[in-house]
Amino acid sequence: MSSSGTESGARQEGRGQQPTVYGLLPADTTADVRERGAGVGRQVAVLPVGSFEQHGPYLPLATDTLVACAIAREIAAAYPVHLLPPVTIACSHEHAGWPGTVSISATTLHAMVRDIADSLRRSGVEALVVVNGHGGNYVLGNVVQESTAAGHRMALFPAMEDWEAARERAGVETSLLSDMHAGEIETSILLHCHPELVRPGHETTDFLADDRRHLLSLGMSAYTDSGVIGRPSLASATKGKELLEGFVESFGAYFSVVTSDAPAAD
């Protein structure tokens, strides 16, 4: 069977198996997990990782977590995966200049994801896909590199190419370079999933700062006063819905990689 056929079959099998979600937390019982795992050759868990950081005056501090959870929920609706609760605080040190932002060290985040993957394997779930909602969680790439080198099955989603494909599908006008933070993409997803959390004012808060080469040294406050870099005025709920559908389409290739019979690493 071709890879596209495998992805299609996996999606069809996953339909109707979305776990009940209470807020951001899956409401599965252990029986639900056992039943889902009995129908697949290799069990896959999906871990949303977000952040708790400023997103300007109109989006909540939990925006990245909400985005990661929205993507993960859509994946769980389409594929037979084990949806995990999110990691809600991560590496947001570049946003330390704004009240409310909370961070943990890269070492702590690395250890958390590694420990979660180890625990999953002990319970029979061999593969883990980390759904990252915050660009500053750079260490997640290292976690995946090291895990796959050790022979474990792990992937990081979405990649930049997946964001670009979803952006084009949804008709998002702002480039990924310009749509850096609290812009068209994030605002669109929240307008679709959590419109009650988007406060008035995003329509007039556009701000661009494409040259951010010293971001890691100077932080976000060197590039924006409001905390926004992007064009949230262009956001819409329709774009948010299309963005999520685009991510579901892209996920098929990742599902094939982590469930294939090929060795996890050379």
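A short reminder: the numbers here are calculations on the coordinates, not readings from a lab. In this text, all values refer to a predicted model and were calculated from it rather than measured experimentally. Because the Cβ atoms are built from the backbone with ideal geometry, glycine has one as well, and the counts that use them run over all protein chains shown.
Okay, here's what the table says:
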| read-out | value |
| --- | --- |
| Net charge of neighbours whose Cβ lies under 10 Å from the Cβ of E173, counting Lys and Arg as +1 and Asp and Glu as -1 | +1 |
| For the stretch 214-266, diffusion coefficient by Stokes-Einstein and Kirkwood Rh (Cα), 10 °C, 1.306 mPa s, µm²/s | 105 |
| Under the span-like rule (Cα at least 30 Å along the axis, Kyte-Doolittle mean at least -0.5), DSSP H helices of the chain | 237-259 |
| Relative contact order computed over the chain (Cα-Cα under 8 Å; 6+ residues apart), in percent | 23 |
| Charge tally in the Cβ shell below 14 Å around P232, where Lys, Arg are +1 and Asp, Glu are -1, P232 excluded | -3 |
| Over the chain: helical MRE at 222 nm, DSSP H runs n ≥ 4 each giving -39500 (n - 2.57), nearest 500 | -13500 deg cm²/dmol |
| Kirkwood estimate for the stretch 166-227, i.e. one over the average of 1/r between Cα atoms, Å | 13.0 |
| For the stretch 114-266, alpha-carbon Rg and Dmax in angstrom | 17.8, 52 |
| Packing rank of 78-87, 62-71, where each peptide gets the mean count of other beta carbons within 10 Å, highest leading | 62-71, 78-87 |
| Cα-based shape type of the chain, given that a ≥ b ≥ c are square roots of the gyration tensor eigenvalues and the cut on a/c is 1.5 | prolate |
